[in-house]
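Trainee: This is the structure I have questions about; it appears just below.
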Amino acid sequence: MAAGSFRRSIASQLSKVLDLPPENLIKSISAVPVSKKRHVADFQLSIASVIENSSSNCLAQDLHLQAQQLVERLKCDSVVSEISAGPGTVNFTINRELLAKTVLQQVWKDGSEYGVKSELFSTVPRQKAVIEFSSPNIAKKFHIGHLRSTIVGNFIANLKVALGHEVVRINYLGDWGMQFGLLGVGFQSFGSKEKLKSSPLQHLFEVYVQINKAAEDENTKKLAKDFFRKLEEHDEQTLSIWKLFRDLSIEEYIRIYKRLGVHFDEYSGESFYQEKAQEVLKMLEDKGLLQKTIKGTGIVDLSEKKDLSTVSTVMRSDGTSLYITRDLAAAIDRMNKHSWDTMIYVTDKSQSNHFQHLFQILKLMGYDWAERCQHVSFGLVQGMKTRRGEVIFLEDVLNEVRSRMLENMTSTKTTKEVQDPVETAEKVGLAALIIQDFRGLLSSDYQFSWDRALQSRGDTGVFLQYTHARLHSLEQMHGNAELTDVNVACLQEPDAISVLQHLLRYDEVLYRSSQDLQPKHIVSYLLTLRGWTAP
C-alpha cells in the first residue's frame with residue numbers, strides 16, 4: 001500500500017528518536033486532508049498520541065513546543081523532503097516524484113483492492129458476520145421505511161466482504177402474528193386467486209384495507225383468532241394459504257431487491273421460531289429469570305437493583321411468545337448454525353430499546369457472545385413525495401426517480417445517447433437516492449429533496465456517476481494498458497499533487513468506516529475526489 005510504505009518509513013525514523021516500536025506509531029501517522037485553499041503536507045503525527053502522560057488539559061503551546069523540539073531531532077531523507085511543526089503536530093512532506101510514482105504503481109497493482117490491503121487492517125482479524133437487514137412484513141408491499149435498512153445493511157455487508165470478512169446476509173421477515181389471522185379471514189371474504197397471482201402484494205394490501213374496516217366487528221375478531229389458532233396448530237389448509245402469501249411476497253421482494261442491487265443468503269422469519277420461542281421461555285423459567293405478573297404475563301427483570309423498575313415482557317397471559325421471545329430464539333439459533341463472530345441488526349432507531357433488552361436478556365441467560373451483537377440504527381427520511389402526493393411504497397419511489405432522471409437526461413443537451421436510457425436512468429437515479437441518504441450520520445433524520453438529489457452538478461450521486469462515466473470514457477479513449485514508464489515529472493502541478501494526496505487517504509477512510517459502520521466517510525471522500533478529478 002502506497003500510504004503504508006510512507007507511514008513505515010516515517011515510523012522507522014520516529015521510533016529511533018522516541019524509542020518506541022514502529023508498530024506503535026503507524027496508526028498515529030495520518031494522511032492530511034487536501035485543501036483547495038492552501039498547500040498541505042502529506043502526513044502528520046499528533047504529538048498528544050505519542051507523548052506520555054499527555055491529556056486534554058495539556059496546553060496547546062506546550063504541545064506546539066514539543067512538536068518543534070521533535071522536528072529538530074528528525075532529518076529529511078530520500079522519502080521525506082520536508083518536516084515542519086504544526087499546532088500539536090509534526091508534518092511530513094513526501095518527495096514529490098516518489099509520491100507520484102509510488103501511488104500510481106500501487107493503484108495499478110491493487111486495482112479494486114486498493115486500500116483494503118493496508119497495514120491499518122493487519123491487526124483486524126478476519127471474522128464471520130451475520131447481518132440482518134431489510135426485514136419487511138410479508139403480505140404487505142415493500143414500504144419506503146425499509147429503504148434505509150436495505151441500503152444501509154447492504155453497504156455494511158459489501159464493506160465487510162471487501163475487507164475479507166465472511167458475511168451471511170439475513171432477511172428476517174415479519175411473517176407471523178395475529179395480523180395473519182385477520183388477513184386470512186379477509187382473503188376468504190374478499191380475495192381473488194387471479195388477482196393474487198397477477199399482483200400479489202397489491203391485492204393483499206387491498207384485502208387488508210377492506211378487512212380492517214370490519215376489524216372491530218366481534219364476529220370478525222373471532223374468525224381472525226380462529227384462523228390464527230389453526231395456523232399455530234399447523235392446520236394443513238390454513239398453513240397452505242399462509243405459505244402462498246409468504247412465497248408470493250418473497251418473489252415480489254426479490255424483484256425489488258434486484259432493482260436495488262441487493263441479495264440475501266438466507267430468508268428467515270418469525271414463523272421459523274414460534275416453537276423455539278417456547279424453548280426459550282422454558283430456559284428463562286429454569287434459570288429463574290421468568291416472572292409472572294398479576295395479569296399472567298411473563299416478564300424478565302432487567303433492573304440493576306432487581307426492583308422491577310425495568311422489565312421486558314416475553315410472554316402473553318395465554319403462554320404464547322412475543323416478538324422479542326422469537327428474536328431471542330433466532331439469535332441463539334444463528335449462533336448454533338453459523339458460529340458467527342459478530343451479529344449486526346440494521347433497523348430504525350425506534351427499535352433501540354428493543355435491542356437493548358434483547359442483548360441484556362441474552363447476557364442474563366449466560367450467552368457471553370451477546371457482547372458481540374450490535375444494533376446499527378438510523379433515522380427517518382422526511383419529505384419523500386411523488387408528484388401524485390405521499391409515497392407509501394418503495395417501488396413508487398424507484399419508478400419516480402427513474403422517471404425524473406429520464407426527463408433530466410432527455411432535456412440536457414450535453415447528454416450522450418445511450419444504448420438503454422431507461423436502465424441508465426434507473427442506475428443513476430438509484431445512486432442519487434443512496435448518496436443523498438449516506439451523506440450524513442445514519443442516526444440523524446434527514447429531509448429528502450428530489451431537486452437536490454437529482455442535480456447534475458455539485459455533491460450528488462448523479463454527478464458522481466457522470467464523473468465516473470467521463471473518466472471511464474477517457475480510459476477507453478487512451479487505452480488502459482499497463483504504464484511501465486511514467487514520467488512523474490509531468491505530475492507536479494498543485495492539482496495533480498492534491499489528487500495523489502487524496503488517494504493516500506483512502507485506506508484511512510475505509511478503516512474509519514469499518515470501525516463505526518458509517519458510509520458518510522466514504523461518500524465524503526468520493527465527493528472530494530470528484531471535485532479534484534471532474535472534467
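Trainee: Please give, to one decimal in nm, the separation of the simple spin-label points placed at I254 and E23, each 7 Å out from Cα toward the Cβ.
Mentor: 4.8 nm
Trainee: Next up: As an exercise, use a Förster radius of 35 Å and the Cβ-Cβ distance of Q210 and V422 to find the FRET efficiency, rounded to the nearest 0.05. Spell out each step's value before the answer.
Mentor: Working: r = 35 Å, r/R0 = 0.99.
Approximately 0.50, to the nearest 0.05.
Trainee: Region 194-229: which GluC sites (Glu not before Pro) are DSSP loop and have at most 13 other beta-carbon atoms within 10 angstrom?
Mentor: On the way: sites: E194, E206, E216, E218; in loops: E216.
Answer by residue number: E216.
Trainee: Show E423, E72 ordered by accessible area, largest first, where the area counts protein heavy atoms only and the probe is 1.4 Å. Kindly include the intermediate steps, with their values, before the conclusion.
Mentor: Values: E423 85, E72 150 Å².
Most to least solvent-accessible, the answer reads E72, E423.
Trainee: Label C76 and Q105 with points 7 Å out from Cα along Cα→Cβ: what is the distance between them in nm?
Mentor: Output for this residue pair reads 2.2 nm.
Trainee: Over region 426-535, calculate the relative contact order: mean separation of alpha carbon pairs under 8 Å at least 6 apart, over the residue count, as a percent. Could you put the intermediate results ahead of the total?
Mentor: On the way: 77 pairs, mean separation 34.9, N = 110.
32 percent.
Trainee: What does the accessible area of K140 come to, in Å² to the nearest 10, when a probe of 1.4 Å is used?
Mentor: 80 Å²
Trainee: Greater than 24 Å separation of Cα atoms is the criterion. Which listed pairs, K195/K276; K243/K276; K160/K349; K193/K243; K282/K363, meet it?
Mentor: From the list (K195/K276; K243/K276; K160/K349; K193/K243; K282/K363), the Cα-Cα distance tops 24 Å for K195/K276.
Trainee: Once the whole set of protein chains is in place, how much accessible area is left on K141, using a 1.4 Å probe, in Å² to the nearest 10?
Mentor: Surface accessible to solvent at K141 totals approximately 40 Å².
Trainee: Roughly how many Å² is the accessible area per residue of the chain, as a whole number, for a 1.4 Å probe?
Mentor: Working: 27390 Å² over 535 residues.
Per residue, the chain has 51 Å² of solvent-accessible surface.
Trainee: For Cα Rg over 2.2 N^0.38 Å, pick the label among [x] 1.02; [y] 1.18; [z] 1.35 that corresponds to the value derived from the coordinates.
Mentor: Matching the structure shown: [y].
Trainee: How about K16: which lysines have a C-alpha closer than 26 Å to its C-alpha, ignoring those fewer than 8 places off in the same chain?
Mentor: K27, K75
Trainee: Estimate the FRET efficiency between Q291 and Y323 by the formula 1/(1 + (r/R0)^6), using the beta-carbon distance for r and 25 Å for R0, to the nearest 0.05. Could the numbers behind the result be given before it?
Mentor: Numbers: r = 19 Å, r/R0 = 0.76.
With a Förster radius of 25 Å, E is 0.85.
Trainee: Quick one: work out the % antiparallel among DSSP beta bridges in the chain, nearest 5. Display every interim value, and only then the final one.
Mentor: Details: 24 of 46 bridges.
If we restrict to bridges inside the chain, about 50 percent are antiparallel.
Trainee: Please name whichever of Q518, V161, H234 sits farthest to the positive end of the charge dipole of the chain, dipole taken about the Cα centre and charges placed at Cβ: Lys and Arg +1, Asp and Glu -1.
Mentor: Q518
Trainee: Additional query: Can you list the residues, at least 5 places off or on another chain, whose amide H is less than 5 Å from the amide H of D348, using H built in the peptide plane?
Mentor: Those lying under 5 Å, H to H, from D348 are F378.
Trainee: For region 423-535, with all protein chains present and a 1.4 Å probe, just round the carbon and sulfur fraction of the accessible area to a whole percent.
Mentor: Numbers: 2970 of 5720 Å².
The value for region 423-535 is 52 percent carbon and sulfur by accessible area.
Trainee: Here is a further query. At most 15 other Cβ atoms within 10 Å and a DSSP loop assignment: could you name the GluC sites (Glu not before Pro) in region 450-522 that fit?
Mentor: Working: sites: E475, E482, E508; in loops: E482.
Qualifying residues, ordered by number: E482.
Trainee: With labels modelled as points extended 7 Å from the Cα through the Cβ direction, what inter-label distance (nm, one decimal) is found for R470 paired with D307?
Mentor: 6.5 nm
Trainee: While we're here: Compare R457, R372 by solvent-accessible area with a 1.4 Å probe and give them largest first, with all protein chains kept in place. Don't skip to the answer; put the middle values down first.
Mentor: On the way: R457 145, R372 105 Å².
Largest accessible area first, the list is R457, R372.
Trainee: Next up: Of the options Y367, T325, Q455, report the single residue whose Cα projects farthest towards the positive end of the charge dipole of the chain (beta-carbon charges: Lys, Arg +1; Asp, Glu -1).
Mentor: Looking along the dipole axis, the top candidate is Q455.
Trainee: Separate question: Solvent-accessible area of I434, probe 1.4 Å, all protein chains present, reported in Å² to the nearest ten, please.
Mentor: I434 exposes around 40 Å² with every protein chain in place.
Trainee: Quick one: putting +1 on the C-beta of Lys and Arg, -1 on the C-beta of Asp and Glu, what dipole do you get for the chain around its Cα centre, in Debye to the nearest 20?
Mentor: Numbers: 64 positive and 66 negative charges, 149 e Å.
Value, rounded to 20: 720 debye.
Trainee: Relative contact order, percent, of region 58-188 when contacts are C-alpha pairs under 8 Å separated by at least 6 residues?
Mentor: Details: 126 pairs, mean separation 24.0, N = 131.
Over region 58-188, the number comes to 18 percent.
Trainee: Also, I was wondering about something else. For the chain, what's the relative contact order in percent, using C-alpha pairs closer than 8 Å and at least 6 residues apart? Please list the in-between numbers first.
Mentor: Numbers: 733 pairs, mean separation 78.9, N = 535.
Dividing the mean separation by the residue count of the chain yields 15 percent.
Trainee: Please work out how much length the chain gains when fully extended from R229 to E194, using 0.36 nm per residue of separation minus the C-alpha to C-alpha distance, in nm with one decimal. Intermediate results must be reported in sequence, preceding the final value.
Mentor: Numbers: separation 35, 0.36 × 35 = 12.60 nm, distance 2.70 nm.
Value of the extension gain: 9.9 nm.
Trainee: Tabulate in residue order the Karplus-calculated ³J(HN,Hα) for region 110-127, using 6.51 cos²θ - 1.76 cosθ + 1.60 with θ = phi - 60°, rounded to whole Hz; enter x for Gly and Pro.
Mentor: After applying 6.51 cos²θ - 1.76 cosθ + 1.60, I find 7, x, 5, 8, 4, x, 7, 8, 4, 5, 4, 9, 5, 9, 8, x, 5, 10 Hz.
The values are calculated or read from the model by the stated rules, or taken from the named source; none is laboratory data. Treat the numbers as computed from the prediction; the structure is a model and nothing was measured. Cβ coordinates were reconstructed from backbone atoms using ideal geometry, including for glycine residues, and neighbour counts include every protein chain displayed. Heads up: the accessible areas ignore ligands, DNA and RNA and are worked out on the full protein's heavy atoms, side chains in. Shrake-Rupley method; radii C 1.70, N 1.55, O 1.52, S 1.80 Å.
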